[in-house]
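Participant: The structure follows.
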Amino acid sequence: MTTYTDKGVKPDAGKFLCFDHIKFWVGNAKQAASFYCARMGFEPLAYKGLETGERRTASHAVIQNKIIFVFESAYLPNDEEMGAHLIKHGDAAKDVSFTVEDLDSIVKMAKQRGAKIVKDIWEEKDEFGVVRFATVQTYGDTTHTLIDRSNYRGLFLPNFKKPLQEDVLCGKLPAGKLDFIDHVVGNQPDLQMEPSAKWYEQNLLFHRFWSVDDSQMHTEFSALRSIVMANWEETIKMPINEPAPGKRKSQIQEYVDYNGGAGVQHIALNTQDIITAIRNLRSRGMDFLSVPKTYYKTLRENLKNSKVKVVEDLDVLEELNILIDYDENGYLLQIFTKNMQDRPTLFLEVIQRRNHNGFGAGNFKALFEAIELDQAQRGKGRAITSLDAYLREADLKSIIMTDDEKQRFIERGSHKGKGIAVFTSGGDSQGMNAAVRAVVRFGIYLGCKVYFIKEGYQGMVDGGDNIEEANWSSVSCIIHKGGTVIGSARCKDFRERAGRLKAAKNLVMKGITNLVVIGGDGSLTGANLFRQEWGSLLDELLQTDQITKEDRAKYSHLHIAGMVGSIDNDFCGTDMTIGTDSALHRIIEAIDAIAATAYSHQRTFIMEVMGRHCGYLSIVASLTSEADYVFCPESPPPQDWPTKLCRKLEQERAAGQRLNIIIVSEGAIDRDGQPITAEKVKEVVVEKLNQDTRITVLGHVQRGGSPSAFDRVLGCRMGAEAVMALMEATPETEACVVSLDGNQAVRLPLMECVERTKAVAKAMADKNWDLAVQLRGRSFARNLETYKMLTRLKPPKSAFDEAGNPVGSAALRKEGFTLAVMHVGAPSCGMNAAVRSFVRNCIYRGDTVYGIHDGMEGLAAGNIHSMDWSDVTGWVAQGGAFLGTKRTLPGKMAPAIAEQLAKFKIQALLLIGGFEAYQAAEQLYENRPKHKEFCIPIAVIPATISNNVPGTEFSLGCDTALNEITEICDRIRQSAQGTKRRVFVVETMGGYCGYLATVAGLAGGADAAYIYEEKFGIKNLQLDVAHMASKMAEGVQRGLILRNEKASDNYSTDFIHRLYSEEGKGLFSARSNVLGHMQQGGSPSPFDRNMGTKMGSKAVEWLIEKLRESIQPDGSVNATSPDSAVMLGVVKRQYRYTPLIDLKKETDFEHRIPKKQWWLKLRPLLRILAKHDSSYEEEGVYMTIEEGCDVDTSII
């Protein structure tokens, strides 16, 4: 519970005085007014209708001291607005009116701040004066009418007359004793409380007066969150509630369902004598909620130790069911009516305050229990289900949407009662623990019972302790561990029907009908067979009396969702399997380490890598390490491979190279299908070249170590999607496997993928090598071809004729095209790999390529040098930017730049860099009318650790930075081993872009990540501190908080550190770490090396294509179209060339970030996996295997 003392700046003009009146739209205004008079002690005040000249509606105003209610109903059958409102909401509060001063200023300000003005300022007058009005739209269909009645002295409002007749009961029944409107409560659908509160802050300059969350306001079944908004003078208070997940539908959600959305839930009426008031109202026949007797027993015990002395007789309060809430300053008394109409929507509250300005948070448990009892009597289980509860629009706080996406949000507890089991089978791989953690926590979030099946299929067959229910803490502190904490084993028993029969019985006994399988194609095939046999297995169990008929009916269908956990990346249908990226890390780390010793002794090293019958690891490792030769199963070498290998090694040594790396896949074979082993390769090299040769068999080292950031995030995303796939499955849904297509999670038919994977093995057995490569996918084929091209010692002879002139596609000109490459912005890992690929692709074609040093300043100064094939040898593994880079933009240097482009006859330009490269290219494009030299194809490859460039989802360098941050966070948390309860606050780079903080937070298992894109305030920080304290109390020993460097001007890293230190005293200690430039990384990750290599190659393809389109008869280039200056980016499932001019509208230039960012979708998952409340947007889409393999989309 939070009370806010900061009211903000007092408005310069305009003042809200008090509640004026509340207008209800009802079916029969006369009867409604009469009911409130008879039951609540109101008296008729005024009337407007046919008798007064009003032809559209009848309005009856009733009054009790300062409380005025107006009941309005339509005369005409075609009043569509009021009719639609009644159909949707029933009798309901339509308008909450405020008395104001300086109406013009208030309305002007509201307009400027974006408020919807339902009806602009208008006047009404009669013989008693003039009243000015304006109406604004607030939550749901509710409005606020602002009323300036300073020049009016009439009965109520202009054109209202005295009631047609007196109410004869008024003087005969006891007075209601109600004085004024204390507050008006609005209920919102889930996730709409915060936007509604912000509406009052922004448009009416109200401030937050009080708030409470569901950790304090809940019962076993119901919970809510509430924020109270108030005007500056605090004479008007508007609580805003939203439901929080509970075991059953809460009374807030029930209101939203029956009301058809947001609206006024109850009106609190203040009294100075609640005992008399309630006695009088009860005697009038008013019905109030009852309170459990235990409430007063507990209350009496608590009051014994309180400084507060209640004046009223507790026995009388108990008799009348009046509630008490108190703090150190005073107390309040309150009671709630039952619903005021047939729909369970609007009710009233009677409240008396004795130096207490709260809203009865201490009574919410009793109130919820009373309402739950009332709900049960109404048959709450048969209540309608609101579509909004399942399909929601997101506010910007939780996620930023893209225009072309239809999004579905899944709420906490939305799949209660379902049973899920997760197991790992076959060989282990890094990242499996991240997937297991995501399945467990996301399943618990949805309300499911989640089970571990230990030791794979063997544990399923054996049952007993091998099938164990998981809880939140079961998967704490495992995301950074390699292998699988629940064990994995290969199982012969499951291959037999008898074993599967035992497994089926064990699952039924636990109520499990949903399986998440993490393993290879064999494990997934076994799971699908199990699913197909499920019905017959249960029939057999029923016939042998091992299960009951009820069990057979209840657990009649088994649903399967798979994730491929394998370092081999040998499964068709996914670009990456869980563990592949980590295995590449181990391989590259080993090669980088061995290179030093090999260089010292002029040795040749033969590295044997894993992969069984798939050469993915060997090819990508070769591509990202500049290995000299690779042997892989899908592309066997020719029969004379020993001769070709030795010739290449000799040429390289003759060219001055001191070391050679040969990579051999463990499944490598020759064209006859005979194995090629590392030992056989060594024999060839030693016998023919007499070189000092060593063999390194990496073996299971590749399976070990900590998972990479990529595999951790992949495991989290796939785990959540696998659970959602199971939750949405129907008996007709076939088993699916969650896959990665580019950067898009997709769900593919499991058996289609398995059959395609088996087809690869058959093609290799038939020695159809081209088909085998084709079946692996375009990405595999491109990796293989790119490796072969880039590792040539020099350009191919076929690129030139006997006179040395270029041939083939380059012969479009007398000589090849002239292209240039440069960097603009801060250095990042992967830049050198992109330059190497670009240079060698250009030279391979027969083109001339220049390297421009030191960015735009170097270009203007003519610091331009021709690049040769050997100039870029060894660049892939190096961080930084060998060409040199600066942040300077063209600006006033444009004429000098144009001069140098003309001097060197540069016909196409590639810029590699961050946001500055994007801006620089855009300036060149915009200066084309002034300088014809800029009318050349221009491409930008995004390269920045911040990942803040529009037009792409990934930038070169961000993966390396993520791995650095993740590894550092692992070490930081490890440093606290043995130190009880410590929280680390870590600051990451990224400018205003929160990518690093968010994704590193997901990869590192952070408890929170604060970023600029998702606004946060002191309340959020306090809630996170409280959340951290509760987790510590449950046994968690270490916490991790990430903060983007520019997340907030005021909530700095130091401030957050000191806040956690102070608020956590006695519970935990806090430490602060600012990572700084170490995040830019040393050696590029395999991901960045490979992505840089591919982007360099694609940039050449695009530039050459545009050159061919824009070449003029005189040999000049005239590229002027918008699509001749582009950003080369990865967007979902494809590489995309986006014109720079189109990116302007997508860019926030002030903060140097895109306006829409895909990774914001991961933030709800980050919070869910850290046990926060959030709303998850499912990511996966259903596809067929053909769709999944249609485009070359793989990034790595």
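Participant: Among Ile560, Ile467, which comes first, then next, by fewest other beta-carbon atoms within 10 Å? Intermediate values should be presented prior to the final figure.
Facilitator: Numbers: Ile560 25, Ile467 21.
Exposure proxy ranking, most exposed first: Ile467, Ile560.
Participant: Could you bin all the Cα-Cα distances of segment 647-777 into 10 Å bins starting at 0 and give me the percent of pairs in each, rounded to whole numbers?
Facilitator: Taking every Cα pair in segment 647-777, the percentages come to 9, 23, 27, 24, 12, 4, 1.
Participant: Ok, one more. Report, by chain and number, residues whose modeled amide H sits under 5 Å from the one on Ser1072, excluding near sequence neighbours (fewer than 5 apart, same chain).
Facilitator: The list, which skips near neighbours in sequence, is Val985.
Participant: If you don't mind, another one. Order by neighbour count: Thr952, Thr1138, Thr548, Thr818, fewest other Cβ atoms within 10 Å first, most last.
Facilitator: Numbers: Thr952 25, Thr1138 18, Thr548 12, Thr818 21.
In increasing order of surrounding Cβ atoms, one gets Thr548, Thr1138, Thr818, Thr952.
Participant: What's the longest uninterrupted piece of the chain once you rule out the chymotrypsin sites (Phe, Trp or Tyr not before Pro) that are loop residues per DSSP with at most 13 other Cβ within 10 Å? Can you show the working numbers first?
Facilitator: Values: sites that count: Tyr75, Tyr390, Phe1149.
Longest run free of exposed loop sites: 391-1148.
Participant: What percent antiparallel are the DSSP beta bridges of the chain, to the nearest 5? Mind dumping the intermediate values first?
Facilitator: Values: 96 of 180 bridges.
If I count the DSSP bridges inside the chain, around 55 percent turn out antiparallel.
Participant: Using a Förster radius of 60 Å, what is the FRET efficiency between Lys788 and Glu926 based on their Cβ-Cβ separation? Nearest 0.05, please. Don't jump to the answer; show the numbers that get you there.
Facilitator: Values: r = 40 Å, r/R0 = 0.67.
E(calc), rounded to 0.05, equals 0.90.
Participant: Report ³J(HN,Hα) in whole Hz for each residue of segment 678-686, in order, from the Karplus equation J = 6.51 cos²θ - 1.76 cosθ + 1.60 where θ = phi - 60°; Gly and Pro get x.
Facilitator: 4, 5, 5, 5, 4, 4, 4, 5, 5
Participant: Can you pull out the trypsin sites (Lys or Arg not before Pro) in segment 546-589 that DSSP calls coil and that have at most 16 other Cβ atoms within 10 Å?
Facilitator: Counting only loop positions with at most 16 other Cβ atoms within 10 Å, none of the trypsin sites (Lys or Arg not before Pro) in segment 546-589 qualifies.
Participant: Along Cα→Cβ, 7 Å out, is where each label goes; now give me the distance between the ones at Ala553 and Lys1132 in nm to one decimal.
Facilitator: 4.4 nm
Participant: Here's another thing I want to ask about it. Once phi is turned into ³J(HN,Hα) by the Karplus curve 6.51 cos²θ - 1.76 cosθ + 1.60 with θ = phi - 60°, what whole-Hz value does each residue of segment 1039-1048 show in order, with x for glycine and proline?
Facilitator: For segment 1039-1048, the Karplus curve yields x, 9, 10, 10, 9, 5, 4, 10, 5, 7 Hz.
Participant: Here's a follow-up. In percent, what relative contact order does segment 2-381 have, based on Cα pairs under 8 Å that are 6 or more apart in sequence?
Facilitator: Working: 817 pairs, mean separation 60.8, N = 380.
Value for segment 2-381: 16 percent.
Participant: Consider the candidate values (1) 34.2; (2) 33.1; (3) 35.4; state which one is Kirkwood radius over Cα pairs in Å computed from the structure displayed.
Facilitator: Comparing each candidate, only (1) matches the computed number.
Participant: Going toward the positive end of the dipole of segment 957-1080, with +1 on Lys and Arg Cβ and -1 on Asp and Glu Cβ, which of Ala976, Ala1033, Met989 do you reach last?
Facilitator: Ala1033
Participant: Name the residue farthest towards the positive end of the dipole of the chain from the options Pro195, Pro292, Leu541, assuming +1 on Cβ of Lys and Arg, -1 on Cβ of Asp and Glu, about the Cα centre.
Facilitator: Going by the charge dipole, the pick is Pro292.
Participant: Expressed as a whole percent, how much of the Cα-Cα distance distribution for segment 958-1080 exceeds 24 Å?
Facilitator: On the way: 1440 of 7503 pairs.
The calculated P(r) of segment 958-1080 puts 19 percent of pairs beyond 24 Å.
Participant: For segment 888-979, which GluC sites (Glu not before Pro) pass both filters: DSSP loop (anything but H, G, I, E, B) and at most 16 other C-beta atoms within 10 Å? Could the numbers behind the result be given before it?
Facilitator: Working: sites: Glu899, Glu916, Glu922, Glu926, Glu933, Glu953, Glu964, Glu967; in loops: Glu953.
Listed in order of number, the matching sites amount to none.
Participant: Then there is this: For segment 474-549, what number results from the quotient of the Cα radius of gyration and 2.2 N^0.38 Å? The partial results should precede the final answer.
Facilitator: Details: Rg = 14.7 Å, N = 76, 2.2 N^0.38 = 11.4 Å.
Compactness ratio reported: 1.29.
Participant: Additional query: Can you list residues whose amide H is under 5 Å from Lys94's amide H, if they're 5+ apart or on another chain and H is modeled 1.01 Å from N?
Facilitator: Lys23, Phe24, Trp25
Participant: Let me ask another. Which ³J(HN,Hα) values, rounded to whole Hz and listed in residue order, are derived for segment 716-728 from phi using the Karplus coefficients 6.51, -1.76 and 1.60 in 6.51 cos²θ - 1.76 cosθ + 1.60 with θ = phi - 60°, glycine and proline given as x?
Facilitator: 5, 5, 5, x, 5, 5, 5, 4, 5, 4, 5, 5, 8
Participant: Another one. Evaluate the Debye formula for segment 2-381 with equal point scatterers sitting on the alpha carbons, no solvent, and hand back log10 of I(q)/I(0) at q = 0.11 Å⁻¹, in q order, two decimals.
Facilitator: After summing over all Cα pairs, the log10 values are -0.79.
Participant: Another one. Between Glu589 and His700, how high is the FRET efficiency from 1/(1 + (r/R0)^6) when r is the Cβ-Cβ distance and R₀ = 25 Å? Nearest 0.05. Before the final figure, lay out the partial values.
Facilitator: Details: r = 15 Å, r/R0 = 0.59.
Efficiency computed from Cβ-Cβ geometry: 0.95.
Participant: Just want to confirm a number: the relative contact order over segment 57-184, from Cα pairs under 8 angstrom separated by 6+ residues, in percent.
Facilitator: Numbers: 162 pairs, mean separation 30.7, N = 128.
With pairs under 8 Å counted, the relative contact order is 24 percent.
Participant: Tally the DSSP beta bridges in segment 580-703 and give the antiparallel ones as a percent, rounded to 5.
Facilitator: Details: 1 of 15 bridges.
Percentage antiparallel, nearest 5: 5.
Participant: Show the residues, 5+ positions off or on another chain, whose built amide H is closer than 5 Å to the amide H of Leu269.
Facilitator: Hits under the 5 Å cutoff: Asp182, Glu349, Val350, Ile351.
Participant: Mind checking which of Ser1052, Ser1083, Leu1067 is farthest towards the positive end of segment 1032-1101's charge dipole, using Cβ charges of +1 (Lys, Arg) and -1 (Asp, Glu) about the Cα centre?
Facilitator: The residue sitting farthest along the positive end of the dipole is Ser1083.
Participant: I need the per residue convex hull volume for segment 548-665, using only the alpha carbons, in cubic angstrom as a whole number. List each step's numbers first, then the result.
Facilitator: On the way: hull volume 15.7 nm³, N = 118.
So the per-residue hull volume is 133 Å³.
Participant: Trypsin sites (Lys or Arg not before Pro) within segment 423-494: which are DSSP loop residues with at most 13 other Cβ atoms inside 10 Å?
Facilitator: Loop-located and lightly packed - Lys492.
Participant: Please get the size of the charge dipole for the chain, origin at its Cα centre, with Cβ charges of +1 on Lys and Arg and -1 on Asp and Glu, quoted in debye to the nearest 20. Let's see the in-between values first.
Facilitator: Values: 145 positive and 153 negative charges, 225 e Å.
Dipole of the chain, to the nearest 20 debye: 1080 debye.
Participant: Ok, one more. With +1 on each Lys and Arg Cβ and -1 on each Asp and Glu Cβ, and nothing else charged, work out how big the dipole of segment 958-1080 is about its Cα centre, in Debye to the nearest 20. Each step should come with its number before you reach the end.
Facilitator: On the way: 14 positive and 15 negative charges, 108 e Å.
That gives a dipole near 520 debye.
Participant: In a shell of Cβ-Cβ distance under 9 Å around Ala1170, excluding Ala1170 itself, what net charge do Lys and Arg (+1) and Asp and Glu (-1) give? Spell out each step's value before the answer.
Facilitator: Numbers: positive: Arg441, Lys1031, Arg1167, Lys1171; negative: Asp1007.
After counting each charged neighbour, the total is +3.
Since every read-out is calculated from the coordinates, none of them should be taken as a lab result. In this text, all values refer to a predicted model and were calculated from it rather than measured experimentally. Don't worry about glycine lacking a Cβ; one is built from the backbone with ideal geometry, like all the others, and counts go over all protein chains shown.
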